[in-house]
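Colleague: One structure coming up, written as structure tokens, with questions to follow.
The values are calculated or read from the model by the stated rules, or taken from the named source; none is laboratory data. This one's a predicted model, so the numbers in the text were calculated from it and none came from an experiment. Glycine also receives a Cβ, built like all others from the backbone with ideal geometry; neighbour counts cover every protein chain displayed.
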Amino acid sequence: MFVIQQIIIDGSGWLVMLCILAGLLYAFALYYRENRYEFSPRRRLWMGTIRALSVALISFFLLSPFFRSTTRNTEDPVIIFAQDQSASLIATKDSLFYKKEYPALVNSLIAALEENYQVHTFSFGERFRENIDFTYSDKQTNLSEVLIEARSRYLNRNVGALIIASDGIYNHGIHPQYALQYLPFPVYTIALGDTTQVRDAAIVNVIHNRIAYLDNIFPIEIHVRGLLCNGLSTSLRVLQDGRLLHSEQIKFSGDTDNHFIPVELLAQKPGLQRYRVEILPVDGEIHTGNNSRDIFIEVLEARPKVLILYSSPHPDVSAIRQTLEAQQNYEVEVLEASAFRSSFNDFNLVILHQVPSKQQAYPTLLRNLNESGLPVLHILGSNSDLNVFNTLGIGLSITGSGNRLDEALAVVDQGFALFTLSDEFHEALRFFPPLFSPFGNYRESLASNVLFHKRIGSLVTDSPLMTFTEISGRKAAIIAGEGVWRWRLANFSRRGNHEAFNEWLTKSVQFLALREQKERFLVKTQNIWNENEVIGFTAEFYNESYEAVNSPEVELIITDEDSNQYPFVFSRTGNSYSLRPGSLQAGNYTYQASLPWQNETFRAGGAFSVLPLQVELTNTVADHRLLYGLADAFGGETFMPGEMDEIVEILRKRDDLKPVYYLEKNYFELIEVRWLLFLMLLFLAIEWLFRRVSGGY
């Protein structure tokens, strides 16, 4: 590394000579014919020199000089090493090898690579993260995320290779070979795990709805697989609270036999219900961890009804309808606004897409909707009549639009606490395209709770892109932009599913459609969480005037099935509370929250369940063909654990793995250098001192 330093001025170089000349002329005029004071020639020379330097330096600063340093840096090639941390690696007979011997082999490989390269280590499974701990505790494996993250994090970097150590089993995300078409560096794979098939009868999956309705029959489909179980039989059972609900015999034929068994169950009581699906072990079966699975179904007494009214057909309407109908939680009716003739009292929520519109104001419809007191979700766009919308009094007005639209990205307001959105949603939101939002001056009511702010280019504005209000007991929300259907497509394009989009929309609709009694102390959480999710709670407290306050402290105690208690304290967020106690083991939990207020203690409680993630135990047979395919697709090779030292030799023989040199330039104005100011002051002080001592003042 070497540094080149330059001083640059805004003008030609001869101006510097003028600055020096100005200093000399000023000093000459002041001291050459100085007769008033008896200065010696030597002292006049010193004072003239100091005055010339001071004037020249001041003149030089009038040219706005700045300093430029050019540094040539060297970056050695980077080798990315990604280690699979999923539980499937230690669910086989080689578990001791991966716990004791294998970490030493990896550390030896990394040490050898570090002699010539930068080595950056990562773990993957449920998520892609830095460093390796060899715990093998991840409940899911997302192999495609390794490729996507490696490309995005090391864009335009001097990367020599990506090394992936895995058993090739993936059960989350899209197929790794379809994740990317191109990588600017090769991929080498280390084939871990055991490809030997053993006798195993497993419950591969149980397909079911999360919601059922009281006294209704709901279906589930059970996928049972038998490996090397030819001629053997097992018994399939479905139980609830130890009570047998369904039983049947299954006989396997062939080395690999799959059975898809439909079962119908009756929802007999409301609330969160737990069902156990299990098969009995077959003779000679070694691994029985995948012989049972628990499912949780919330039984509701009634299904909320959602009405979607639109001014003209739009892809947003289809995206919202598909999402709500796929959840099986709502009855959805979609109509053109002018065709609606029913009563609003039959619905729990109304979604208005660009109603009122520029073509029709729908005064009767809007008046009836307002009188019904139903929650409403407004979606604004290019066809919205903002003048009529501003008269509705739902907490937001937009003026000065002039029929113009902004392309607005969504930025989450960190103070929003009406409900929680997962880290996966926050990550997905970064890649959602902009909405087409009305341009203008946005004015919110004091009752607004902003979920998204608008970001125009790189500027995050105060204008809301989505906000919630509650005025006179009526809930409302506004999405100030059209094009949410593109969010749904972007979610699928990047993740292979609609989970992030579904989470945002269903939680928003659930909040609006839920008719709850106005209690002073409310604690909210989901009824069902996955084992690898971070549990989240929100709480609200209202004083005697039903004003939201968060001055008192809220304590929460979570109790598991073994009566173990875990105390927590809520954090204050805006006018409410939030708590994220972390992940919990699979099981059923109850919670009790307490809040002291003016010699009275308010309490709120409930229950939730954490679902076990068993996908890593469903299939423990390594898929080395996938690893060979990845290496071949991206110009690398595949090695077994005992051959990983060969990777070092292969990389050393490559001619393209060389250090990269690049220039880094830094600029700053010389007037910002404080010691130069002090130097000028020192020159002037010395001259003043000389004149003072000589009687010049």
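Colleague: If the requirement is being crowded, with 19+ Cβ neighbours inside 10 Å and either without any contact (Cβ under 8 Å) to a residue 40 or more places away in the chain or within 24 Å of ARG654 (Cβ to Cβ) (or both), which of these qualifies: ILE174, ILE222, ILE164, ILE203? Break it down into steps so the answer makes sense when it comes.
Modeller: On the way: ILE174 fails: either without any contact (Cβ under 8 Å) to a residue 40 or more places away in the chain or within 24 Å of ARG654 (Cβ to Cβ) (or both); ILE222 fails: either without any contact (Cβ under 8 Å) to a residue 40 or more places away in the chain or within 24 Å of ARG654 (Cβ to Cβ) (or both); ILE203 fails: either without any contact (Cβ under 8 Å) to a residue 40 or more places away in the chain or within 24 Å of ARG654 (Cβ to Cβ) (or both).
Only one candidate qualifies: ILE164.
Colleague: Please note which helices (runs of 4 or more DSSP H) are completely contained in the stretch 587-697 and include at least 2 residues that are loosely packed, with under 15 Cβ neighbours inside 10 Å. Lay out the reasoning, then the answer.
Modeller: Values: elements: 615-618, 624-633, 646-653, 674-693.
Fully inside the stretch 587-697 and qualifying: 624-633, 646-653, 674-693.
Colleague: Out of all the residues in the stretch 511-529, is one or more among the aromatic types (Phe, Trp, Tyr) and part of a helix (DSSP H, G or I)? Even if it seems obvious, please write down each step before you answer.
Modeller: Of the residues in the stretch 511-529, the ones among the aromatic types (Phe, Trp, Tyr) are 511, 521, 529.
Still in the running and part of a helix (DSSP H, G or I): 511.
Within the stretch 511-529, one or more residues are among the aromatic types (Phe, Trp, Tyr) and part of a helix (DSSP H, G or I).
Colleague: Of the residues that make up the stretch 58-74, is at least one surrounded by 16 or more Cβ atoms within 10 Å (Cβ to Cβ) and in contact with a Lys or Arg (Cβ under 9 Å, 6 or more places away or on another chain)?
Modeller: Taking every residue of the stretch 58-74 in turn, none turns out to be surrounded by 16 or more Cβ atoms within 10 Å (Cβ to Cβ) and in contact with a Lys or Arg (Cβ under 9 Å, 6 or more places away or on another chain).
Colleague: Can I ask one more? Go through GLY496, GLY483 for me and flag whichever is surrounded by 19 or more Cβ atoms within 10 Å (Cβ to Cβ) and at positive phi. Reasoning before the result, please.
Modeller: Working: GLY496 fails: surrounded by 19 or more Cβ atoms within 10 Å (Cβ to Cβ).
GLY483 is the lone residue from the list that is surrounded by 19 or more Cβ atoms within 10 Å (Cβ to Cβ) and at positive phi.
Colleague: Looking at (1) under 27 Å from the mean Cα position of the chain (by Cα); (2) at pLDDT below 90; (3) of a type in the set (A, V, I, L, M), which one does LEU556 not meet, given that it meets all the others?
Modeller: Condition not satisfied by LEU556: (2).
Colleague: Return the pair list, or none, for Cβ contacts closer than 8 Å from residues in the stretch 324-347 that are in the same structural domain as ARG488 (by TED's automatic domain parsing) to residues that are in a loop (DSSP other than H, G, I, E, B) and small (Gly, Ala, Ser), at least 6 apart or on different chains.
Modeller: GLU336/SER311; GLU336/SER312; ALA337/SER311
Colleague: Further, regarding this structure: What are the residues in the stretch 108-143 that are out of contact with any helix residue (DSSP H, G or I) (no Cβ under 8 Å at 6 or more places or on another chain), of a type in the set (Ser, Thr, Tyr) and not in a helix (DSSP H, G or I), if any?
Modeller: Selection gives SER123, THR135.
Colleague: Return the residues of the stretch 123-135 that are surrounded by fewer than 21 Cβ atoms within 10 Å (Cβ to Cβ) and in contact with a Phe, Trp or Tyr (Cβ under 9 Å, 6 or more places away or on another chain); say none if nothing qualifies.
Modeller: PHE128, ARG129, GLU130, ASN131, ILE132, PHE134
Colleague: Here is a further query. Among the numbered conditions (1) on the phi > 0 side of the Ramachandran plot; (2) crowded, with 16+ Cβ neighbours inside 10 Å, tell me where ASN156 comes up short.
Modeller: Condition not satisfied by ASN156: (2).
Colleague: Right, something else. Select from the stretch 75-85 the residues that are at pLDDT 90 or above and in a strand (DSSP E or B) and write down the one among them that is surrounded by the fewest Cβ atoms within 10 Å (Cβ to Cβ). Don't jump to the end; show me each part of the working.
Modeller: Taking the stretch 75-85 first, the residues at pLDDT 90 or above are 77-85.
With the extra rule that they be in a strand (DSSP E or B), the set shrinks to 78-84.
On the way: VAL78: 19, ILE79: 26, ILE80: 23, PHE81: 22, ALA82: 26, GLN83: 25, ASP84: 26.
Within the stretch 75-85, the match that is surrounded by the fewest Cβ atoms within 10 Å (Cβ to Cβ) is VAL78.
Colleague: Would you mind telling me which numbered condition in (1) in contact with a Cys (Cβ under 7 Å, 6 or more places away or on another chain); (2) assigned to a strand (DSSP E or B) ALA56 fails?
Modeller: So the condition that ALA56 fails would be (2).
Colleague: Shifting gears a bit: Based on what the data block shows, is LEU556 in a strand (DSSP E or B), surrounded by 15 or more Cβ atoms within 10 Å (Cβ to Cβ) and not small (Gly, Ala, Ser)? Write out each step before concluding.
Modeller: Numbers: in a strand (DSSP E or B): yes; surrounded by 15 or more Cβ atoms within 10 Å (Cβ to Cβ): yes; not small (Gly, Ala, Ser): yes.
So LEU556 fits the description; yes.
Colleague: Quickly run through the stretch 150-189 and pick out the residues that are touching a strand residue (DSSP E or B) at 6+ places or on another chain (Cβ under 8 Å) and either among the hydroxyl-bearing types (Ser, Thr, Tyr) or assigned to a helix (DSSP H, G or I) (or both). Walk me through it before giving the result.
Modeller: Our first condition is that a residue be touching a strand residue (DSSP E or B) at 6+ places or on another chain (Cβ under 8 Å); within the stretch 150-189, this holds for 150, 154, 157-169, 183-189.
Across the stretch 150-189, the qualifying residues are ALA150, TYR154, SER166, TYR188, THR189.
Here's the yes/no breakdown for (1) within 22 Å of the chain's Cα centre (by Cα); (2) not small (Gly, Ala, Ser):
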{"site": "GLU149", "(1), (2)": "yes, yes"}
{"site": "ARG153", "(1), (2)": "yes, yes"}
{"site": "ALA165", "(1), (2)": "no, no"}
{"site": "HIS175", "(1), (2)": "yes, yes"}
{"site": "PRO186", "(1), (2)": "no, yes"}
{"site": "ALA191", "(1), (2)": "no, no"}
{"site": "VAL198", "(1), (2)": "no, yes"}
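Colleague: Identify all residues within the stretch 448-463 that are surrounded by 14 or more Cβ atoms within 10 Å (Cβ to Cβ) and in a loop (DSSP other than H, G, I, E, B); write none if there are none. Don't jump to the end; show me each part of the working.
Modeller: Initially, the stretch 448-463 is screened for residues surrounded by 14 or more Cβ atoms within 10 Å (Cβ to Cβ), giving 448-456, 461, 463.
Within the stretch 448-463, SER448 is the sole residue that qualifies.
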